[in-house]
Amino acid sequence: MTRTLKSLVLVVVALAAFAAVGAATASAEEFHSETENTTLTGTQVENHKMTFAAGTLKCKASFEGLVESKTSESFELTPTYSECTLAGVAAVFDRNGCTLKFTTFGFFFDIKCPAGKKFEITAPGCTIDIPSQGPISTWSFVPIGSPPLVALKILIALSKIKYSQTGKACPGNLGAEEKTFENGTYNGEFTMIGENSGKQVGIWIE
């Protein structure tokens, strides 16, 4: 093969790769709303579950957020976790200003906390802290309803969540006062609707 032909082949391969990247970018899914400044409200399907070395956390979950534009690559929600139990024992979940970011490109998930803050779960003799992190995989969605009043069911299925446990009584700490882990999971579903000026508006992902 001549040098000219080799160069031509390399150019063709490069153009094909560039086109593939462009096509993937063009087809990336985005979040859409009928209106600007849409308020998002999420209601759980059933209690949400997280697993840690200390045991399974079960909580009632609700969510709220705001998207300012009609189209975006992500949406951010403020969660509220209440009536929690950790390994069957009453626990308190403090959000401490942290939020959840759902990115539609790749369906990644981020935990975002203010500087120096973390999600904090407190049970007798054991405290679990979940810091800012991401992207974590994965989440998905199912459309609900018919246009124009389309809502979304959001399904969270996260793994490899980083966290720390403080307290020698924490199961999994093996007598250590504090221990860090990267094996947390989070599973839960919720129905999310959009509203503007007190009226429901359609939201969708495509």
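The values are calculated or read from the model by the stated rules, or taken from the named source; none is laboratory data. Since the model is a prediction, treat every value here as computed from it, not as a measurement. Positions of Cβ are backbone-derived with ideal geometry, glycine not excepted, and every protein chain shown enters the neighbour counts.
As a summary of the residue check, Thr85 satisfies the conditions (1) at pLDDT 95 or above; (2) under 19 Å from the mean Cα position of the chain (by Cα) except for the one numbered (2).
What do you reckon, is Phe141 out of contact with any Leu (no Cβ under 6 Å at 6 or more places or on another chain) and either surrounded by 14 or more Cβ atoms within 10 Å (Cβ to Cβ) or hydroxyl-bearing (Ser, Thr, Tyr) (or both)? Against the criterion (out of contact with any Leu (no Cβ under 6 Å at 6 or more places or on another chain) and either surrounded by 14 or more Cβ atoms within 10 Å (Cβ to Cβ) or hydroxyl-bearing (Ser, Thr, Tyr) (or both)), Phe141 does not qualify. Can you tell me which residue in segment 108-130 is farthest from Thr191 (Cα to Cα), limited to those that are touching a residue at least 24 places away in the same chain (Cβ under 8 Å) and surrounded by fewer than 16 Cβ atoms within 10 Å (Cβ to Cβ)? Filtering first and then ranking leaves Gly125. In segment 126-206, counting only strands (runs of 3 or more DSSP E) that sit wholly within it, the ones holding 1 or more residues that are over 23 Å from Asp94 (Cβ atoms) span 133-137, 139-144, 151-166, 178-196, 199-201, 203-205.
If you go through segment 129-150 one residue at a time, do you hit one that is of a type in the set (S, T, N, Q), over 16 Å from the mean Cα position of the chain (by Cα) and within 20 Å of Phe75 (Cα to Cα)? Scanning segment 129-150 turns up no residue that is of a type in the set (S, T, N, Q), over 16 Å from the mean Cα position of the chain (by Cα) and within 20 Å of Phe75 (Cα to Cα). Within segment 68-108, the residues that satisfy the criterion of being in a strand (DSSP E or B) and of a type in the set (Gly, Ala, Ser) are Ser72, Ser74, Ser82, Ala90, Ala91.
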